[in-house]
Each structure stands twice: as C-alpha cells, then as structure tokens.
1. For the stretch 1-158, what are Rg and Dmax over the alpha carbons, in angstrom?
2. Given a Förster distance of 41 Å, report the FRET efficiency between M57 and N17 from their Cβ-Cβ distance, rounded to the nearest 0.05.
3. Compute the FRET efficiency between A124 and N247 as 1/(1 + (r/R0)^6), taking r as their Cβ-Cβ distance and R0 = 30 Å, and round to the nearest 0.05.
4. May I ask you to evaluate 6.51 cos²θ - 1.76 cosθ + 1.60, the Karplus curve with θ = phi - 60°, for each residue of the stretch 144-158 and list the ³J(HN,Hα) values in order in whole Hz, giving x for glycine and proline?
5. For the stretch 73-78, just list the computed ³J(HN,Hα) in residue order, Karplus coefficients 6.51, -1.76 and 1.60, θ = phi - 60°, integers in Hz, with x standing in for Gly and Pro.
6. Could you work out the relative contact order of the stretch 336-417, using alpha carbon pairs under 8 angstrom and six or more residues apart, expressed as a whole percent?
7. Could you go through the stretch 28-40 in sequence order and give the Karplus-derived ³J(HN,Hα) for each residue, using 6.51 cos²θ - 1.76 cosθ + 1.60 with θ = phi - 60°, rounded to whole Hz, and x for Gly and Pro?
8. Report the charge-dipole magnitude of the stretch 5-52 in Debye, nearest 20, computed about the Cα centre from +1 at each Lys and Arg Cβ and -1 at each Asp and Glu Cβ.
Amino acid sequence: FRGYCSRRLRRLRKTLNFKMGNRHKFTGKKVTEEILSDNRYLLLILMDAERAWSYAMQLKQEANTEPRKRFHLLSRLRKAVKHAEELERLCESNRVDAKTKLEAQAYMAYLTGMLRFEHQEWKAAMEAFNKCKTIYEKLANAFTEEQAVLYNQRVEEISPNIRYCAYNIGDQSAMNELMQMRLRSGGTEGLLAEKLEALITQTRAKQAATMSEVEWRGRTVPVKIDKVRIFLLGLADNEAAIAQAENEETKERLFESLLSECRDAIQAVREELKPDQKQREHSLENDSGKVSNIQYLHSYLTYIKLSTAIKRNESMAKSLQKALLQQQRSDEDGKRSPRPQDLIRLYDIILQNLVELTQLPGLEEDKNFQKETGLKTLVYKAYRCFFIAQSYVLVKKWSEALVLYERVLKYAREVQSGAGAHRNSLKELPDVQDLITQVNAEKYSLQAAAILDANDPHETESPSQVKDGKPLSERFETFCLDPSLVSKQVSLVHFPPGFQPIPCKPLFFDLALNHVAFPPLEDKVEQKAKSGLTGYIKGIFGFKS
C-alpha cells in the first residue's frame with residue numbers, strides 16, 4: 001500500500017503539473033486554498049498522509065523483532081498527523097462541501113488517536129477515537145444504506161481501541177466487551193479479529209504479573225513462565241466464549257485459537273525442562289514420590305490440550321449427526337454428504353486422546369482420575385460402536401449390525417452401573433440413556449428390515465435384477481438392471497486385466513556345431529612379415545625366414 005501511495009502521488013503531480021522542481025534542484029510547493037479549483041489537489045495531501053501511515057504500520061510489524069524501529073514508527077505517525085492537519089485546514093475552505101469537511105475531521109481524529117495510542121496516552125487517545133466514532137456515526141445516519149455500510153465498518157474498527165483505552169484508564173468492564181466483540185466478529189473480518197486478539201493478549205499480559213500459582217487436583221504448583229500465566233488467565237474467558245459462540249464456524253475458530261495458545265504454553269514449559277536433564281529423567285522426588293512442579297505443570301497443560309481437543313471433536317461429531325439427520329430427510333445433490341465413517345474417525349481420535357490422558361506423569365496413582373477417564377472411554381466406545389453399526393446397516397449386513405448394537409448396550413449399562421459418585425464429571429458427556437433408547441428403536445427397525453430383505457421377491461425371483469459381479473464387457477448377451485452403471489463406481493471391465501497363457505517363442509540349439517571338424521586354411525592365409533628391429537636387420541642382410 002505504501003508503494004501504491006507513492007505511485008499515485010507521482011501520477012497526480014504529473015497530471016496536475018505540480019512538480020517539486022526538477023532532477024537537479026528541489027523546489028518545495030504547498031497546496032493553498034487559491035489552487036483548490038481541482039479536487040485532486042486534496043488527494044495530494046491525502047496520499048502523503050496515507051503513505052506515512054502505511055509506512056508506520058509496516059514498521060509496527062517489523063518492530064516485533066527489531067525494537068529500535070519503534071522510534072521511526074512514531075516519527076512516521078507524527079508526519080501522518082501533520083499531513084492530516086493540513087488536509088483539515090484546507091477543507092475548511094468554502095469550496096469544499098460539508099461531507100468532505102466531516103470526513104477530514106474524522107480522519108484527523110483517527111490518526112491523532114493512533115499516535116496517542118502508540119505513546120500510551122490513553123485518555124487523549126480515547127477522546128480522539130470517540131470524536132472519530134461520533135463523526136462516522138452521524139455520517140452513517142445521514143446517507144444511504146450503501147454508504148452507511150462503509151461508515152459503520154469504520155466504527156467497528158475503532159471500537160476495540162476505545163474499549164482498550166478505557167480498560168487502561170480503569171474501566172474493568174472493558175475486557176468483557178472486548179471478548180464480546182471477538183465473538184461478534186465471527187471470523188469474517190480478519191484484520192478486526194487480529195486486532196482484537198492483540199489487544200486481549202496485551203490486557204492479559206498486564207494481569208499475569210499478579211498470578212503466581214495454580215491449583216489442580218488438590219496440588220498447588222507455582223507458575224513462573226509469563227506465557228503460561230497469560231494462557232491460564234485467559235483459559236476461563238476462552239471457554240466461556242466457546243460456550244457462547246453463535247455458530248459452528250465461530251466455535252471452530254475459537255477452539256483452534258485456544259489449542260494454538262496451549263501448544264505455545266506447553267512449548268515454553270518444555271524449554272524450561274530441557275536444561276535440567278536429571279530432573280526430567282528422575283522426576284520422582286526421594287521422599288514424597290511426586291513428580292516435580294514443572295513436570296506437573298506440563299501434565300496440567302497437556303491435560304487442557306487433550307480435553308480441548310476432545311471437546312472440539314465432540315462438537316464436530318454433533319454437527320455431523322445433525323447433518324446425517326437432515327440428509328435422511330432431504331437428499332442434496334452436488335455436495336459430499338456426511339457418512340457414519342466420518343463420525344467413527346472422530347471417535348477414534350477422542351479415544352486416542354483419552355488413552356494419552358491416562359498416561360500423564362503424576363496421575364498414574366490418582367484412582368479417581370483413572371476411574372473418570374475409564375467411564376468417559378466407555379461412553380465414547382459406545383457411540384463409536386453405534387456408528388459402526390449404522391455403517392453396516394447401510395450395506396445391509398444385518399447380523400453384524402445387530403451384534404454391534406448389543407455391544408453398545410453393554411457399554412452403556414457399564415457406564416450406568418459404574419457412574420455412582422462420578423456423575424458430576426459425566427454431565428458434559430453425551431447422555432447414554434438417550435443412546436440406549438435410540439439403539440432399542442434401531443434394533444427393532446433392523447430386525448424388520450432383515451425380515452423384509454429375506455422375503456423380498458424382487459431380490460430372489462427376478463433374474464433381471466440379480467448382480468453376479470461380472471463386469472459389463474462379460475455380460476453383453478444378458479439383460480440385467482444394474483443401477484451402478486449410472487453411478488461413479490461403474491464396473492465395465494476387469495482392471496488391471498488378468499494374465500493369460502500364450503505360446504512361448506521357440507529356442508534353437510545348434511548341437512552339431514560341437515562335432516564339426518573344419519579343414520585347415522594355413523596355405524590360403526598369407527603370413528605377415530615380422531616387424532620390429534629384428535626383422536629390419538634380417539631384411540638388410542638378406543636373411544629370410
């Protein structure tokens with residue numbers, strides 16, 4: 001964008017013949033009210049301000065790794081504010097309409113707020129942002145809906161900065177409003193969502209200074225890593241945001257964000273574990289038999305990551321179940337419809353996560369934890385068996401499906417009998433009683449379908465509908481109603497083709513050649529004269545061999 005502003009400035013100056021001297025000498029010119037006959041002169045100053053602002057935003061990204069560039073960033077922002085002041089002064093002329101004057105004032109207020117925001121002058125920044133927001137709201141109410149969309153979009157971009165300034169001034173309710181704004185963004189406005197994440201992270205970083213320890217399963221562990229403190233402080237807010245998400249897309253985005261933060265926190269703890277190799281190899285203390293604090297904190301963060309992954313997969317499974325029900329009511333063409341196999345894959349991943357939970361260091365001797373995890377495993381095994389049975393029903397394997405339904409009932413009864421004192425930990429899981437009711441209904445439907453399938457005359461008596469498994473190329477003479485011919489998995493020929501015997505190429509062996517005696521040919525072959533020094537001397541003296 002900075003390069004675009006520079007090119008646009010060059011084109012405008014060339015078109016307006018408003019050049020700053022020549023290639024040998026610079027001659028500065030200023031835009032005055034007397035030459036405002038063309039509105040493109042205002043664009044000159046606007047492009048100057050936009051170029052300075054875009055350079056500041058570029059330096060803001062680079063300042064994350066090079067802190068010295070922050071001084072250059074503030075310098076460019078001050079330059080942008082200076083150009084905005086000049087633009088606002090020129091727009092006070094009688095030649096400029098009221099709408100342009102208001103937009104220039106709002107632009108000036110926005111850049112001033114950004115400069116004060118970077119200087120961390122929260123009160124002045126909030127006043128400037130509020131002035132900008134008020135002007136854009138009035139403009140949105142004064143014009144058509146198409147134009148109001150642009151002004152309202154600007155208001156939504158400014159609101160997070162206002163709430164963050166209010167939080168830094170002392171308004172404690174601003175953090176909750178920032179979280180609500182992140183939920184309303186819905187993942188559709190990338191820049192706004194990214195800005196909200198940055199503001200929320202900065203707020204949590206300030207709160208993390210007061211956090212020193214965390215308690216989990218009756219043990220208190222000190223937390224000394226800042227990244228872990230920030231993550232644990234925002235954990236409850238993230239879980240509440242996921243629970244309040246309006247649609248599956250927003251919920252999936254929040255799950256991914258939480259898992260990403262959790263992975264970063266776990267990596268920070270692993271880096272702390274690396275220097276102390278002995279502590280990692282011998283994690284048990286001599287007297288107490290407990291794992292070290294840093295190892296227990298690693299187990300806690302891993303537990304959060306695996307639990308969040310289980311919740312995400314369970315949420316995806318629920319949405320797929322709804323899609324399966326809708327598919328049964330109305331078939332949609334042109335889209336890949338969900339299948340029970342997709343749900344089986346999700347429950348496989350959940351069961352793998354539960355196995356990893358039972359192997360966490362420090363929890364091997366926790367009987368209650370192991371019992372709760374075992375009950376959760378039975379619940380998800382029951383649902384996995386249920387959808388495996390559903391996949392067998394689709395291919396009319398009635399006996400296999402019936403056996404799997406019985407296995408589902410077995411798992412469900414084990415959960416009900418073993419729940420006892422662990423009912424509170426199973427509240428978030430799917431209800432097994434609903435599953436038992438559904439399985440009983442499916443069993444009766446399956447038995448009826450199996451009887452009808454066995455007595456169906458169209459399947460046993462009509463030879464025109466019997467499928468013998470032969471491809472189309474081998475049954476041209478026989479008429480057969482084969483619905484697969486109009487599907488994507490049509491059987492036309494055997495591929496790859498099978499091997500067939502063919503005659504081998506004959507081999508000839510010349511056995512008589514070994515017993516043939518050839519006549520001597522010495523008299524017909526001329527002997528070569530001996531070469532070399534000896535032959536030369538014999539030739540001189542007339543000796544012949």
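1. Gyration radius and largest Cα-Cα distance of the stretch 1-158: 16.9, 51 Å.
2. Approximately 0.85, to the nearest 0.05.
3. 0.20
4. Result, rounded to whole Hz: 5, 5, 4, 6, 5, 4, 5, 5, 5, 5, 5, 4, 5, 6, 7.
5. Ordered by residue, 3J(HN,Hα) equals 4, 5, 5, 5, 5, 4 Hz.
6. Values: 67 pairs, mean separation 27.0, N = 82.
That works out to 33 percent.
7. With coefficients 6.51, -1.76 and 1.60, one gets x, 10, 10, 7, 10, 5, 5, 9, 7, 5, 10, 5, 6 Hz.
8. 460
The values are calculated or read from the model by the stated rules, or taken from the named source; none is laboratory data. Quick caveat, the model's predicted, so the values are computed rather than measured. Don't worry about glycine lacking a Cβ; one is built from the backbone with ideal geometry, like all the others, and counts go over all protein chains shown. Surface accessibility is based on the protein's heavy atoms, side chains included, excluding ligands, DNA and RNA. Shrake-Rupley method; radii C 1.70, N 1.55, O 1.52, S 1.80 Å.
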